[in-house]
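Here is the structure we will look at, set down as structure tokens.
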Amino acid sequence: MSVMTAFVRAALTLVGLTVGVYLIEVLEGLLTLGQRNWRAVLRLPLARAGQLLRQPDRPPAHADTFLYQSAPFIAVITVGLAALVIPLGPGLIGFDSSVGLFYFIVLLSPFVIAQMNAGWSQNGVVGVLGTFRAAAHLISYEVPLGFAAIGAPMAAASLATGKIVAAQAHLWYVVWQPLGVVIYLVAALFPAFRHPFDGAYAGSELEGGVLAAYGGARLLLLRWALDGIFLLLMALGVVLFFGGWQGPLLPPPVWFAFKTLALAAVVLALSRRVPRLRHDQMLSLAWKILVPASLVNIAIVGVLALFVFGGGA
Amino acid sequence: MGAHDLAALAGQQPLVMLVAAPRHADCLLVYEPLNAAFAPAAAELARGLPEGAPVILYRPPDLPALTDETPGATVFPHARRITACTAAALQAAYAQGRSDALPVAAAFPSLRADLVDLPQEHELATEFTVFSLGPAQPFTAGPARFWLICDGEQVVQCRPVMGYAARGIAGQMHGMAWAAAAELAAWYDPLAPVASRLAFVQAVEHLQGITPNAASQGIREQALAVERAHNALWWSVRFLRLLALEPLARRAAQLAMALDAVLAGWTPEPIAAWLAPQRPAPVTTPPDLASLARAVRDLAATVRRDRWLHLRTVGIGQINGAILHSAGVTGSALTASTSGAGDIQARLVARLTMAATTLTALAELAAAPQTTPTVAGRQKDQQADWYVPAGTATGAVAGPRGTLAVDVTSDGGIHPAHVAWHAPSAALLSLVPALLAGQKVADAEMILASLDLVTAEVDG
């Protein structure tokens, strides 16, 4: 791949992600403010971005300058790299790796670590508490998310995201892996720091937690990355369980975008009905419920893949 | 009043929302009065704003001048002032553009760094974190600071610091004429002006040896009941938002605003005009609140049945009814412990149930025949009598947070000789250190919010 091709792909990925992030903000706005305020909802993300871009960046006193300044960029770069393995259509993929799913899940860790850096670098109590809560996220999501996602490659006999989608040509995995879908979607909210697992940001209690000291363009980058990783996790959910780009009549990328946004809307709407969980409750949920359930899911998927679908659905 | 206004503001307009950190705000709304203790904290908050973000001042129009007040304009000389606390006024003030001047007066001192002594047995420990909740925070109505000494996320000790909302109301009443003192009494609990004023008026009537007739007393009780329901609903909005249960918070806000709309034209004259000694209440027809009462009851049932809320809050902030009783706590907080589990969810359910019951009772009253209210045979148009014989009497009413009482001493002169208030929030506040010790930081805010503390009541 030439340098120019790589550059164009990176630029397209960032533009696509930015459009997706805008749509996630619009979805959240519609859920919060209601449909009758749709005009304001469409304008708000742009107004907020413009407002933040006009603000000068002012690091807190005694901040760890390198960590403070680099954390938003680490988060954004991680999101951009993770987006490369999401297939929007047949052959429409930034990086068609044979271990695409593994690559994606590994990249979630630096994203969470970027959030921890953001909190730690502020040299303040709320930032440190936010950092520790982010660390609790890191050890909460990895195992259940990985175990829930593994059902799809077990059935498709491949870790390549494109092949996982192609293997669902006749039957989406959501039909016979419903437990895996539920576990995946719950665990996906952890690394995205979405409600009800947003303790690291924690509203008024931690005054914004890891984001408390950030303002201006860096805050915009961090918020972009948070929405971006959520969008990607929903997109990966579509790849793993909902047949990816596949659908009648419409072009594959349109189907893919539609399914991703629909899944994001459902998850956002359902998650709003649950109060914010405490970090220890989050850990209990992850290790006492999601991990055992994901092991059960692996066993069920293994039996079905081997005996019902003949070693690969 | 500020707490309800802010809760309403955030739900009125999509462009107005509350943020947790000053760095994330587009403007700072300062709700006066400020006192000498809180002004430095408010100034520090303004210094944390992004550059160009304006400070906007609001002072309730009927708030009398207070002796212990620090004028907002001296702290924020370039602040914009709004005359109504509405989203439109706020937006208009914000739309004047960036504020290039420094938000705080140059001569105004920086906030002194508070040093907190660790508990003696832990003074050599290095792993403790001292964490300040407040003083500007959303979980009490009005400013208060709670120092949390934490071992990780575990609260080892809590030290409340009050005084940020002190206005010297009782002291100021001593030197005022009786009628002016009654005006000021209404500001004792700004969220419950009817309860505050009625307690004072009752004490005065006791000194005068007067008892209002049943109809007049009934209308006073209705006004009190409405205030209790109103407070419970707006408190639910604030509390549910803190729990991050946005759909339920939005429903509660709709009901609170519906109650505001129904009550807008309830009495032909403002309550302050007829809530005076020996002044009969006006003839009113209670508003039709039947459908609103049903909706509030449904909301209470939804909260009671919410399994997620139960799992999140079960056993958190639990207080034994006997402890509450011995501390002198009354009202819904006590009901939640005597009739329920006494935890966060129980307090929420108890307050919503109280609001629903109150509204149902008012709706039933609407159907009953009305009688003419009199006080000691006096008719509606007669003026209040402010001659108060010497003596001491207590007025006590069932306010939104429990029994609000005031002791009034008269020497037969033109102003009260002594006034002492007994606030329900003060009784609850005394339990906070024991309640928070051993809890998690993530729960501290919820527990405090569930108690519905009004700092103005405590500070006076």
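Read-outs throughout are calculated quantities, based only on the coordinates presented, and are distinct from any laboratory measurement. Please read these numbers as outputs of a predicted model, since none were measured by experiment. Glycine gets a Cβ as well: all are built from the backbone with ideal geometry, and neighbour counts include every protein chain shown.
Worth pointing out:
- Inter-site label distance for residue B:257 and residue A:38 at 7 Å from Cα along Cβ, in nm: 2.0
- Axial C-alpha extent at least 30 Å, average Kyte-Doolittle at least -0.5 - helices from chain B (DSSP): B:214-242, B:344-367
- Look at the Cα gyration tensor of segment A:20-85: its axes a ≥ b ≥ c give a/c of at least 1.5 with a/b at or below b/c, and that counts as oblate.
- Stokes-Einstein D in µm²/s, Kirkwood radius over Cα pairs - chain A at 25 °C with 0.890 mPa s viscosity: 123
- Here segment A:235-256 is scanned for amide nitrogen atoms under 15 Å from the site 7 Å beyond the Cα of residue A:12 along Cα-to-Cβ, giving A:252-254.
- Kirkwood Rh, Cα atoms: Rg over Rh of segment B:1-82: 0.95
- Computed from the alpha carbon atoms alone, the convex hull of the protein assembly as shown holds 179 Å³ per residue.
- For residue B:34, the residues whose amide H sits under 5 Å from its own are B:70, B:72, ignoring neighbours fewer than 5 places away on the same chain, with H placed 1.01 Å from N.
- Its Cα centre serving as origin, segment B:2-94 has a Cβ charge dipole (Lys and Arg +1, Asp and Glu -1) of approximately 200 debye.
- Debye, to nearest 20: dipole size of the protein assembly as shown, +1 on Lys, Arg Cβ, -1 on Asp, Glu Cβ: 2020
- Value at 222 nm in deg cm²/dmol, rounded to 500, when DSSP H runs of n ≥ 4 in chain B each add -39,500 (n - 2.57): -13000 deg cm²/dmol
- Computed E for residue B:264/residue B:132 - FRET, C-beta separation, R0 45 angstrom, nearest 0.05: 0.70
- Selected from B:342, B:408, B:66, residue furthest toward positive end of dipole (chain B; charges at beta carbon): B:342
- Nitroxide proxy distance, nm - points 7 Å out along Cα→Cβ at residue A:95 and residue B:361: 6.8
- Amide H within-cut-off set for residue B:156, under 5 Å, with H built and near neighbours excluded: B:149, B:150, B:151, B:438
- For chain B, the convex hull spanned by the alpha carbon atoms encloses 153 Å³ per residue.
- Calculated FRET value between residue A:170 and residue B:323, using beta carbons and R₀ = 60 Å, to 0.05: 0.40
- Per-pair calculated FRET efficiency, R0 = 41 Å: residue A:2 and residue A:48 via Cβ, rounded to 0.05: 0.65
- Mean sequence separation of contacting Cα pairs (under 8 Å, at least six apart), scaled by the length of chain A, corresponds to a relative contact order of 25 percent.
- Across segment A:188-279, counting alpha-carbon atoms alone, Rg and Dmax equal 15.5, 49 Å.
- In this label model, residue B:179 and residue A:280 are separated by 6.0 nm, measuring between points 7 Å along each Cα→Cβ vector.
- The largest-to-smallest principal axis extents of the Cα set in segment B:172-293 are 50, 34, 19 Å.
- Span-rule helices in chain A, defined as complete DSSP H runs reaching 30 Å or more along the axis (Cα) with Kyte mean at least 1.6: A:3-33, A:216-241
- Residues whose placed amide H lies under 5 Å from that of residue B:57, excluding near-sequence neighbours: B:30, B:80, B:81, B:82
- Partner aspartates and glutamates for residue A:288 [C-alpha distance under 13 Å; skip if fewer than 8 residues away on the same chain]: A:280
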